[in-house]
Amino acid sequence: MTAPGLDSTTAVVLADVALIIGAAHLFGRLARRLRQPPVVGEIVAGLALGPSLLGLLPGNPTDVLFPAYVRPFLHVLAQFGLVLFMFGIGYRLEASHVRGSGRQITLVSLSSVALPFALGAGLAYLLYPWYDHGFLHSTGPLGPAVFLGAAMSITAFPVLARIINDRGMHRERLGGIALTCASLQDALAWCLLAAAVAVVTADRPQSLLVLAAEAAAFVLVLRYAVRPLLERLLSSTDRWSGGAAAAYPVLMIGLLLSAWCTSVIGLHAVLGAFAFGAVVPRGRLEAIAPQVPERIDQTGSLLLPVFFTLTGLSVDFSGLGVRGAVALAAIIVVACAGKFAGATLSARLTGFDRGDALRLGVLLNARGLTELIILNVGLSLHVIDRRMFTAMVVMALVTTVMTGPLLDAVQKRHPAAVPLPPKAPPVPTGASASATAAHS
């Protein structure tokens, strides 16, 4: 199909975005009625607009509504929304969440990352002969193994925070512990993702060393140059500060340039936005412009359904076949077993009672949106093929949907509720958290 003029293309993009936002809203409301996080409905809406459902109708409405010449423009909008979202994730990932948290949280966090990573990497080696090697850029199983291990290790912090809030678990000791573990796991998992991207994009050992050095230099510049600069620019007293009016453009410029830097280095743009969010001085920002993170989150939240739809356009259940179905079953089993066993067993070993250990395992098994971000990185780098991508998307959706019912089942057998102590890490609050929670 020949692409029409720019005005016609713009009109189609605008209509598509309207359709996507409307579908996401409707499915999100339906998910709420089913006691699921709204993000589950928005993910399902994206899948429904793709070839797995809408594309099966006569005339293939998916290709009519989302022609090939429009998708690159939607991709840009989706990536913009993603980097804004990842800024929020990094911004809320406070060091105080893990500082002084104790032996229990450390062991639970490490074990519920290490075991899923090991099982996921092992499964990738087993499934590697079934990959579409014509699609992959890597020449061996190492890249797919590291990537699949990292994808299995993630816990969706925003989704988890929403589940805990909705169930009133933020008033329990376990709710604070689960959020602390999830924040630490997110940091570890994004480091693993960066390692996986480095392994895939570096074509020889020397390139890998250069990439690692550039990434380390980027982090050091953020920590020791950009953060002090932000402290001055966001100060309410410094004469170089632009005050509250300058906070929004300063943060937007910083996160976009950071995303650009990691793209140039060879890492994904979301990693740069995440790292920039992590170095923003929260105290200074909350003092002069606490509404700015919310504005950034709201912009990202508006565009995230576009990302879900593009994900849905790459998912085709009809293309799974027998091997894909076997791989899907294996992925779900390994993903749940790794997270659940890693968290539950280590929790029991460190003194949790049986009920709390089971609840912690169920909570940390939720993946959701964060998982989809990692999967899209893998697909864009050709480290997983489309059949594996489809299976992993289904796994992310299943592990998120099952969290609520499993919590109810455990709650019936093991009623809990130990009041949250004053020093336990709280559920994320403030402007930034409230906006992203709406999308979780």
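Taken together, the values in this text are just the output of simple stated rules run on the coordinates, not laboratory data. Source: prediction; values computed, not measured. FYI the Cβ positions are ideal-geometry reconstructions off the backbone, even for glycines, and counts take in every protein chain you see.
A compact table of results
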read-out	value
For Glu172, distant residues with modelled amide H under 5 Å away	Leu420
Label of the coordinate-derived value, semi-axes √(5λ) of the Cα gyration tensor in Å, listed as (i) 37, 30, 22; (ii) 30, 28, 23; (iii) 43, 35, 19	(ii)
The chain: relative contact order as a whole-number percent, Cα under 8 Å and 6+ apart	30
Shape call, the range 244-307: gyration tensor on alpha carbons, a/c limit 1.5	oblate
Candidates Tyr248, Tyr69, Tyr125, ranked by Gaussian network fluctuation over the chain, Cα under 10 Å, top entry	Tyr69
³J(HN,Hα), Karplus 6.51/-1.76/1.60, whole Hz, each residue of the range 79-85, x for Gly, Pro	5, 4, x, 5, 5, 5, 5
For Arg323, net neighbour charge (Lys/Arg +1, Asp/Glu -1) across residues whose Cβ lies under 12 Å away	-1
Computed [θ] at 222 nm, deg cm²/dmol, the chain (DSSP H ≥ 4; -39,500 (n - 2.57); rounded to nearest 500)	-23500 deg cm²/dmol
Peptide ranges 114-123, 5-14, 361-370, 273-282 listed from the most packed, as the mean C-beta count within 10 angstrom indicates	361-370, 273-282, 114-123, 5-14
